[in-house]
Amino acid sequence: MSGRRCLLALVLLAAALHIAGIARSLLPAQDGLKFLRTARDFQNRPWIDVIRGADQHPLYPALVALSEPLIAAIRGSGPDTWRIAAQAVSALASLALLIPLYGLTRSLFDARIARIAVLIYVVLPLPAAIGHDTLSDSLALFAALLALWLGEISLRSSGWKAPLGCGIVAGLGFLTRPEVLIVPLAVAVTWISRGGVLALNRPRIALARLSALGLSFLVLVGAYALLKGEVSEKLALRQGMGMGPRKVQVRRAEQWLPSGLNDPRWDFSPKEESEEPAIATAPGIVARLSLQWAECLCGLFAVFALWGVARARFIRQLCEPSQPVRQTLDGEPSPPPHHWGPRLIAVYLVLFSLVLFRHALKMGYLSDRHTLTLVLASIPWAAAGTFVCMRGVAVRLRWSPRFARMAGIAAVLTLVAVGARLQSKPTHPSRWGHWAAGRWLAAHADPADAVLDTRGWAAFVSGQRSYDYWHVRQAFTDSQLRYVVVGTGELAAESRRAATLRAVLAYSADPVVEFPERQDGHGGAGVRVYRYRRPASWEGIRR
């Protein structure tokens, strides 16, 4: 099979897995609800006002807002249409990501290893799950990897298109997630490290090309900053850069609670504190980061990645005879990449790891999503390690070329089968209770009834006017508040927040229906719907 046909087959396989994942989904990610609200605002309000008022970078929800009418034309309007539109944007970005992954790996090694890299990314469970979730990660990863590939081309070419494209793509990526700004920084650091070469090879032109990269990036970031009034509203970035939290906006109408609820005993925190211990030490952060990186690579490919780094020089010697003559984006012959591509990836990984380290030190936690960028940048070496190990087995056992080819096909089919099996597991099955509660509200609530939903999922499914728990104060002052949806686990917690919820619901609401957290009934009660009856006074709750 030719390289293009093989790549097309892998893209189609990834598309089929994403479509199956979307079909199995019931609810968006909880963070995805914010993106969906912003996307709806893009359709109903001036875009400038939405960008200024949103607490997320705008590119992903803007694309969701543009794609929703296309999905609605096929299956009609409704909450599920918004979820599918958001998932479709993520899935398309995840599929597009395979192209720069192939191109970058091909530049670092050769086409054979590039195909292995694409296959590995397609079958890994976490990238696949994030790839069709209602989150901006896939779009940001695509922008980061495409900018990284263009940056690698910039280091080994003499044209203008690659550095200009790198800056533009990185700038657009910044409009998705702020950490994409690390890519042009890594390219610039690697470029400057070529100082000895630049001195012998027209340094003015090299400086102008580097300026084109930086200016194209800064123009987009600067335009966003001027419109928004700040570089980024993301708390993690502001903490990492030492900017502190955003300045609190002074509201004309004070957010108040009725008398009786404004007692300092009550805790109306938006969510429970995490039960996981905060990461407070440097060794703990390094250990957590390494463990999450290895888990995202399913352990085996983490070992292959380390082996690929250790045997990188030998692998390149194997690849050189099969390397085609490269060309720049301007059509000119390109010199071999030497060590600039690997150096760029190494600089990028170091810079991104330092950002994650500071984030964990400041915020006290790391999630699997934080390590996805490290995983993506490691996959070329995981593919190289896989290739050299398979080749070593064939050489050691003296397999014939035909038998080695058949064994390779069998290994690929096995990997695809295992990956498809892992990805076929239900996505967040414990959210079923929230979905069922939303369906119940859609059937029983009046159109004018408002809902207070501590998680937001049931209100999203119902389509009712709703409040999340960040806006609990406004909810309790709304005369049309009729239902409260809460997880039973939130009520059972031993915290001031849980005690507040129990007291408020006991005083002003009656339970009407309860749903298990899983469709099969396992896990016990999961979600409870209360009928809210607004009291004439909250003073009695003090007793």
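The values are calculated or read from the model by the stated rules, or taken from the named source; none is laboratory data. None of the values given here were measured: they were computed from a predicted structure. Please note: Cβ atoms are built from the backbone with ideal geometry, for glycine as well, and neighbour counts cover all protein chains shown.
So the values come out like this:
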item	result
Residues of the range 363-407 satisfying the condition of being part of a loop (DSSP other than H, G, I, E, B) and under 37 Å from the mean Cα position of the chain (by Cα)	Gly364, Tyr365, Leu366, Ser367
Residue in the range 300-328 that is modelled with the highest pLDDT, counting only those that are surrounded by 17 or more Cβ atoms within 10 Å (Cβ to Cβ) and part of a loop (DSSP other than H, G, I, E, B)	Arg311
Options Ala86, Ala111, Ala117; residue that is in the same structural domain as Ile345 (by TED's automatic domain parsing), surrounded by fewer than 24 Cβ atoms within 10 Å (Cβ to Cβ) and in contact with a helix residue (DSSP H, G or I) (Cβ under 6 Å, 6 or more places away or on another chain)	Ala111
Flag if Met406 is assigned by TED's automatic domain parsing to the domain that holds Phe109, under 30 Å from Ile120 (Cβ atoms) and surrounded by 15 or more Cβ atoms within 10 Å (Cβ to Cβ)	no
Breaking point among (1) exposed (fewer than 14 other Cβ atoms within 10 Å of the Cβ); (2) within 22 Å of the chain's Cα centre (by Cα); (3) touching a residue at least 12 places away in the same chain (Cβ under 8 Å), for Leu70	(2)
Residue in the range 55-78 that is among the charged types (D, E, K, R) and more than 25 Å from Arg439 (Cβ to Cβ) present	yes
Residue selected from the range 474-492 under the condition among the charged types (D, E, K, R) and within 19 Å of Asp449 (Cβ to Cβ), by the criterion surrounded by the most Cβ atoms within 10 Å (Cβ to Cβ)	Arg482
Test result for Ala39, over 30 Å from Arg4 (Cβ atoms), surrounded by fewer than 19 Cβ atoms within 10 Å (Cβ to Cβ) and not assigned by TED's automatic domain parsing to the domain that holds Gly463	no
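Table: residues versus (1) of a type outside the set (Ser, Thr, Tyr); (2) under 15 Å from the mean Cα position of the chain (by Cα); (3) surrounded by 24 or more Cβ atoms within 10 Å (Cβ to Cβ).
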{"position": "Ala93", "(1), (2), (3)": "yes, yes, no"}
{"position": "Ile130", "(1), (2), (3)": "yes, yes, no"}
{"position": "Phe142", "(1), (2), (3)": "yes, yes, yes"}
{"position": "Trp149", "(1), (2), (3)": "yes, no, yes"}
{"position": "Arg156", "(1), (2), (3)": "yes, no, no"}
